[in-house]
1. Mean separation of Cα pairs under 8 Å and 6+ residues apart, divided by the residue count of the chain: what relative contact order is that in percent?
2. Please name whichever of Ile92, Asn248, Pro419 sits farthest to the positive end of the charge dipole of the chain, dipole taken about the Cα centre and charges placed at Cβ: Lys and Arg +1, Asp and Glu -1.
3. Of Met391, Met19, Val304, which is farthest on the positive side of the dipole of the chain, counting Cα position, with +1 on Lys and Arg Cβ, -1 on Asp and Glu Cβ, and the Cα centre as origin?
4. Kindly express, to the nearest 10 degrees and within the range 0 to 90, the angle between helix 438-448's C-alpha long axis and the longest C-alpha principal axis of the chain.
5. Amide H to amide H under 5 Å from Phe115: which residues, 5+ apart in sequence or cross-chain, H placed 1.01 Å off N in plane?
6. Scan around Ser303 for amide H atoms under 5 Å from its own, H built in the peptide plane at 1.01 Å from N, and keep only partners 5 or more places away or cross-chain.
7. Quote to one decimal, in nm, the extra length available between Ile129 and Arg367 on full extension: 0.36 nm per residue of separation minus the C-alpha distance between them.
8. If each of Asp387 and Asp417 carries a label point 7 Å out from its Cα toward its Cβ, how far apart are those two points in nm?
Amino acid sequence: MAGISVDISGAEGFYSEEMFDEEIRNAQKSLDKLVSHTGEGREFTGWVDLPARYDKDEFERIKQAAARISQDHDALVVIGIGGSYLGARAAIEFLGHSFRNTVAATRPNMPEIFFVGNQISATYMADLIEVLKERDFAINVISKSGTTTEPAIAFRLLKNLLEKKFGVEGAASRIYATTDREKGALKTMADKCGYETFVVPDDIGGRYSVMTAVGLLPIAVSGADIDTLMLGAQTGMNHSVHEKGAHNPALKYAAMRNIFYKKGKTVELFANYEPACHYIAEWWKQLYGESEGKENKGLFPASVDLTTDLHSMGQYIQDGQRIMFETVLNVEHGRHTVRIPKEENDLDGLNYLANKTMGFVNGSAMRGTALAHVDGGVPNIRINIPDMSEMTLGMLFYFFEIACGVSGYMLGVNPFDQPGVESYKKNMFALLGKPGYEELTAELTARLGRAQ
Ligand code: PA5
């Protein structure tokens, strides 16, 4: 079975063999620390063994809940932010139809899926409520802490809408809460109101949680095969944990990006050539940004959707500050083949591409762009994935997670905390007048020079 491969030929000239060998050895040491759960943040490394030891009873319950939601409701609203949002969205967009909600409206047992609680826009919320008024919908509210402001506000509003439409009991039967096993406001509310609950394990942080109930319930509702997704993660585990040195694709990736960092690159630009990979990039940015961006260290993870962004960001990549390298996600076989037709009069001058596939054109764009960027001083790492299946996605999620844990240890940070995320929350709570923040409210109000 084809797996993930990492091609570093686009980095030639930017490193020596000795340097690469040394970084591979460092990466191997970091991996050993990670899999033996002996490194910093070890209490949040439960995801490392997850593919081999996930809770099979809960997994069955997830599938049953997904089947019920798919049969009984027009739509599922997924409420969550950050690690409680991005993985599910990445998977659903990668695996599903490009126009999923439009198609869902015409097919039985295929609920539309909407995401909310990942920002605080009243415009978005009002528009969503207008759409949902016409639908029989279920909610999957996801929050490990159970207290995050963005999803909490969205949940209150949409729970109210459900209660108005279906009564308190009818609403409760449509709400699924994914949260801490024991504590937090959401868990308390779920127990009191009788919502079905799923668990975010204690030893798995948000950005590493896609293959727990956090990601699995929405992904299963989308119609994707979560058994195969987990099988992919197990296969990924075999490759990314058990293979040694440069044979291990995760170690190769971690070693190479660490070389670029040491050589002075400050930005890792994740480039994809499939619109369905847009949210894979968003998920990847959170994973690497929150794991490595601390103690004034870390590569800044950025992303571009190509070829779209070659017409906006292409100039900078080719010719701006030489601060970046590219990580190109190459999908070897898309889900469909589309051939460019021949036209007798060739008014658009495209007949030189007649009978060629769009995949061939896209691949040529990828190869040509990478070479141009290398010539412009932007080297690359290419990550090849065979296709857009559940199997591949399970492998890919696991590959990026392991490489991220390894990279964080190589950098000398704890890849499993996120102290920086708290600062904005404290200020927001103070400015909103949340009880307990009075002193900070006074301080910030004075700084802003206005009365609250
Ligand atoms: O990675 C993280 O820890 C964060 O992005 C969280 O996932 C995000 O803040 C949501 O937190 P919670 O699930 O507690 O609502």
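Please treat every number below as a calculation from the coordinates, not as lab data. All of these numbers come straight from a predicted model, not from anything done at the bench. Don't worry about glycine lacking a Cβ; one is built from the backbone with ideal geometry, like all the others, and counts go over all protein chains shown.
1. Across the chain, relative contact order equals 23 percent.
2. Projecting each Cα onto the dipole axis, the largest value belongs to Pro419.
3. Val304
4. Here the helix axis deviates by roughly 60 degrees.
5. Val78
6. Amide H to amide H, under 5 Å and 5 or more residues apart or across chains, Ser303 pairs with Phe270.
7. 81.2 nm
8. The modelled label-to-label distance comes out at 4.4 nm.
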